[in-house]
Every structure is written in structure tokens, then in C-alpha cells.
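Undergrad: Pasting a structure here, questions to come.
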Amino acid sequence: MDYMTVPWEQLGLLLRRLSLSGSAGNITAWILFFAIGTFPLAEAAILLHRHRTCRADFLLAALSAALFVGLWFFVNPSYIDRYLSPMPAGGIAKFALASVIDSLLLTWLLLRFLLRMEEGTAQKQGSPAKHPLPYGHTGKRPAEEHSMEEEHSMEEGHSTEEGYSMEEGYSMEEGYSMEEGCSMEEGCSIEKEASGESFRRGRPLLVLRLLLILYALVLAVSLLIQGWGEFWAALAALREGNTGSEAFLVNMSTLFLALRAILELLPGAAQIALLLLMGAFLRHYERDPFGPGSCHAMERLKAASRRLLILILCASAGFNVLQLAFSRFLLTSSHRILFPLPGIIVILGLRTLSVLYLESRRLKEDNDMFI
């Protein structure tokens with residue numbers, strides 16, 4: 001497991017060798033120590049100067065503090081067991097130091113990527129779309145169209161008075177009434193076809209929605225059963241392996257076991273929430289594919305996917321920091337560097353789907369305006 005401490009442990013050993021090499025090496029080691037520790041703060045200052053900051057940049061201050069603390073312990077490895085372990089453990093707490101630095105760095109990169117992508121999508125949707133024909137189908141000004149329509153109607157009226165008799169006029173009126181009846185029948189048939197098409201579309205959507213709800217229920221039950229079993233197994237192993245330890249240390253370790261069990265349930269709970277939101281979107285889409293309800297449901301699904309991924313990332317990084325802060329009182333610990341690739345793929349897929357859906361809705365509204 002030594003790979004988990006790369007490159008922070010190696011940097012600490014390098015700074016230690018420089019510090020022990022002499023006065024010049026000691027000064028160089030201190031300069032490098034402060035340069036590495038303040039690098040995240042310098043990055044934050046550069047982003048602020050370029051007006052490219054986002055809400056995720058507050059993690060740079062925490063990352064800077066973690067670098068100072070981690071490098072100091074890696075330069076002085078004899079202090080790791082003294083301050084970061086309840087008992088001598090051969091420097092195993094160094095994995096907690098490395099996991100905190102790595103998780104904060106990875107969380108900052110992922111959050112910045114997600115938030116900048118969200119800002120770019122919002123700017124694209126907020127920009128006004130350029131219509132290819134600003135004056136309707138013909139691209140001409142309304143006054144020109146009006147004058148052309150008047151000329152055309154006058155010509156038609158003149159040719160009708162000259163070329164048709166009264167009897168022909170009656171026949172034209174009869175034809176017009178027949179055309180009206182035909183158009184009404186065609187309209188009724190179109191409405192029947194539309195209703196039949198919506199009915200055919202609604203049946204598979206209803207089946208899909210029921211399957212999503214059923215899968216969410218099965219996933220929720222399996223997560224609760226599996227999480228409860230793993231928690232009690234870990235708790236039993238903790239109590240059996242530390243029968244002679246203080247009750248305070250056992251209780252504190254039990255509390256962190258419960259927090260870790262809740263943290264491990266978060267990805268599954270996020271998946272269940274997204275499944276239910278997808279079912280809500282399908283229900284609105286079944287009624288009105290491009291109505292305001294469907295649009296609002298898609299926006300909620302997109303926003304929820306982003307917020308849930310941010311919650312999972314922040315919770316994982318926060319739990320690692322919390323474990324490091326209380327590592328002096330923990331008999332057991334679990335250090336995870338979370339890279340939620342499936343969650344990122346789901347968010348990118350939902351974002352692409354929402355963009356395509358909203359673009360299709362905009363094109364439909366433009367076509368309805370033309371009609």
C-alpha cells in the first residue's frame with residue numbers, strides 16, 4: 001500500500017535530506033516547504049486575478065493546510081505514531097495524511113470541472129438564438145408582404161369578375177363548402193391519429209416507469225440489508241480485537257464506523273433518487289412530451305445529478321479530513337480516494353440528454369410559431 005503515499009512521502013524524505021545536509025540545504029528545504037504548501041493559494045490568487053474563480057476554489061485553502069501538515073509529518077516520520085495513532089502502529093497513519101491530500105486535490109479538480117461545465121451550459125442556453133428568417137418564411141419585411149398580398153388579392157378579384165359567371169360562382173361556393181367538410185374530416189382523422197400515437201407511445205413509457213420504480217425499491221432494500229450486515233460485522237470485529245482498550249476509544253471508533261457505513265450508502269441512495277426522478281420525467285413526458293411539466297422534470301433531473309455527485313465528493317473528502325483530525329482516538333480507520341467515474345458518466349449523459357431535449361423543444365416551438 002506504499003503507492004498511496006506517492007509522491008508526498010518522497011517529497012518529505014527529499015526535504016529531510018536537504019535539511020540534514022547543512023545550513024544551505026536547510027534554507028533550501030524551508031523555501032521548498034513553503035513553496036509547495038502555498039502553491040494552492042497562489043493558484044487561487046491567479047484565478048481570482050483572471051476572474052475565473054468558482055465555488056469549488058474554497059477547497060484550495062484546505063488543500064494548502066493539508067499540504068503543510070502532511071509534508072511536516074513526512075519530513076518528521078517519528079511524530080506520526082506519537083500524534084496520529086492511539087498506539088504505536090509502525091507509521092500506518094501516513095496513509096491518512098496522503099489520502100487527505102489526494103482526496104482534496106481530486107475533489108477540487110472534479111468540482112471545478114462540473115461547475116465550469118454548468119456555467120458554460122447556462123451561458124449557451126441564455127444566449128439568444130439567431131433566427132435564419134427574421135421576417136417569417138419569406139425573409140421580407142411585413143410591409144412588403146402586406147403589399148404583395150393586396151396586389152395578389154386585387155388581381156384575383158379582377159380575374160374572377162371577368163372570367164366567371166354567377167352560376168360558376170355558385171358552383172365555387174358549393175365546392176368551398178365541400179372543402180370545408182373535407183378539412184373537418186381530415187382534422188378529425190389527424191386528431192385520432194395523434195391520440196393513437198400518444199397511446200402507443202404511452203404504453204412502453206408506463207412499463208419503463210414501473211420497471212424503474214421496481215428497480216429502485218429492490219436497490220433500496222439490498223443496500224439497507226448489505227449495509228446493516230457490513231456495519232455489524234465491522235463492529236463485532238472492532239469489539240473482539242480491542243477488548244482491553246478504553247471504552248472512550250471503542251465508542252469513538254464505533255461512531256466513525258457508523259459514519260463510514262452512511263457514507264458507503266450515499267452512491268446507492270443517489271442512484272435511487274435519480275431513478276425516481278427519471279420516472280417522474282417519464283410520467284410528464286407521457287402526458288405532454290414538450291410541455292412545461294416535462295421541461296421542469298428534466299431540469300430537476302439534471303440539477304439533482306450534479307448536486308448528488310457534489311455531495312458524494314464533498315462527503316468523501318470531509319470524512320477523510322475528519323478521520324485525520326480524530327486519528328489519535330480511532331482504533332480502526334478506512335481511507336478512500338474516491339473517483340466516481342460511473343457518476344461522472346451518468347451526469348454527462350443526463351446533461352447531453354437534457355441539452356438535446358431542450359433543443360428539440362425549442363425547435364418545436366419555432367415550428368409551431370411558423371404554423
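The values are calculated or read from the model by the stated rules, or taken from the named source; none is laboratory data. None of these values were measured; they are calculated from a predicted model. Here the Cβ positions follow ideal geometry from the backbone for every residue, glycine too, while neighbour counts run over all protein chains shown. The accessibility values were calculated without ligands, DNA or RNA, using every heavy atom of the protein model including side chains. Shrake-Rupley method; radii C 1.70, N 1.55, O 1.52, S 1.80 Å.
Undergrad: Output the residues belonging to the stretch 235-277 that are assigned to a helix (DSSP H, G or I) and of a type in the set (D, E, K, R). Spell out how you get there, then give the answer.
TA: Filtering the stretch 235-277 for residues assigned to a helix (DSSP H, G or I) gives 235-241, 247-277.
Residues satisfying the conditions are R239, E240, R260, E264.
Undergrad: State which residue is surrounded by the most Cβ atoms within 10 Å (Cβ to Cβ) when the search covers only the stretch 39-48 and only residues that are under 30 Å from R336 (Cβ atoms) and without any contact (Cβ under 8 Å) to a residue 24 or more places away in the chain.
TA: To start, the set of residues in the stretch 39-48 that are under 30 Å from R336 (Cβ atoms) comprises 39-44, 47.
So of that shortlist, the ones also without any contact (Cβ under 8 Å) to a residue 24 or more places away in the chain come out as 41-44, 47.
Numbers: L41: 15, A42: 12, E43: 15, A44: 18, L47: 15.
Here the residue is A44.
Undergrad: Within the stretch 32-61, track down each residue that is touching a Ser or Thr at 6+ places or on another chain (Cβ under 7 Å), not in a loop (DSSP other than H, G, I, E, B) and not aliphatic (A, V, I, L, M).
TA: Here is the first cut: in the stretch 32-61, the ones touching a Ser or Thr at 6+ places or on another chain (Cβ under 7 Å) are 37-38, 40-41, 47, 59.
Still in the list and also not in a loop (DSSP other than H, G, I, E, B): 37, 40-41, 47, 59.
Selection gives G37, P40.
Undergrad: Now a separate question. Which residues, counting only those in the stretch 12-26, are hydrophobic (A, V, I, L, M, F, W, C), surrounded by fewer than 17 Cβ atoms within 10 Å (Cβ to Cβ) and either out of contact with any helix residue (DSSP H, G or I) (no Cβ under 8 Å at 6 or more places or on another chain) or free of Cβ contacts under 8 Å to residues at least 24 places away in the same chain (or both)?
TA: Of the stretch 12-26, the ones hydrophobic (A, V, I, L, M, F, W, C) are 13-15, 18, 20, 24.
With the extra rule that they be surrounded by fewer than 17 Cβ atoms within 10 Å (Cβ to Cβ), the set shrinks to 13-14, 20, 24.
Hits for the stretch 12-26 are L14, L20, A24.
Undergrad: I'd like to verify a number: residues in the stretch 322-371 that are under 24 Å from the mean Cα position of the chain (by Cα) and either open to solvent by 60 Å² or more (accessible area, probe 1.4 Å) or farther than 26 Å from A96 by Cβ (or both), how many?
TA: So the count comes out to 23.
Undergrad: Can we say T243 is open to solvent by 40 Å² or more (accessible area, probe 1.4 Å) and of a type in the set (S, T, N, Q)?
TA: The answer is yes for T243.
Undergrad: From the list I101, I80, I36, which residue is within 35 Å of the chain's Cα centre (by Cα), open to solvent by less than 50 Å² (accessible area, probe 1.4 Å) and more than 23 Å from A315 (Cα to Cα)?
TA: On the way: I101 fails: more than 23 Å from A315 (Cα to Cα); I80 fails: within 35 Å of the chain's Cα centre (by Cα).
Unique residue meeting the criteria: I36.
Undergrad: I'd like the full set of residues that are open to solvent by less than 30 Å² (accessible area, probe 1.4 Å) and either touching a Gly at 6+ places or on another chain (Cβ under 7 Å) or at pLDDT below 90 (or both), limited to the stretch 250-264.
TA: A261
Undergrad: For the stretch 283-303, which residues satisfy the criterion of being of a type outside the set (S, T, N, Q), open to solvent by less than 20 Å² (accessible area, probe 1.4 Å) and closer than 25 Å to M117 by Cβ?
TA: Listed by number, the residues that qualify are A297, M298, L301, K302.
Undergrad: Next question, about the same structure. What about A29, is it open to solvent by 40 Å² or more (accessible area, probe 1.4 Å), more than 22 Å from I310 (Cβ to Cβ), among the small types (G, A, S) and part of a helix (DSSP H, G or I)? Talk me through it step by step, then tell me what you get.
TA: Values: open to solvent by 40 Å² or more (accessible area, probe 1.4 Å): no; more than 22 Å from I310 (Cβ to Cβ): yes; among the small types (G, A, S): yes; part of a helix (DSSP H, G or I): yes.
For A29, the condition - open to solvent by 40 Å² or more (accessible area, probe 1.4 Å), more than 22 Å from I310 (Cβ to Cβ), among the small types (G, A, S) and part of a helix (DSSP H, G or I) - is not met.
Undergrad: Under 31 Å from the mean Cα position of the chain (by Cα) and over 20 Å from V321 (Cα atoms): which single residue out of A42, A29 fits that description? It would help to see each step written out before you state the result.
TA: Details: A29 fails: under 31 Å from the mean Cα position of the chain (by Cα).
Answer to the check: A42.
Undergrad: Tell me which of these E9 doesn't satisfy, since it passes every other one: (1) under 30 Å from L110 (Cβ atoms); (2) surrounded by fewer than 16 Cβ atoms within 10 Å (Cβ to Cβ); (3) over 28 Å from the mean Cα position of the chain (by Cα).
TA: (2)
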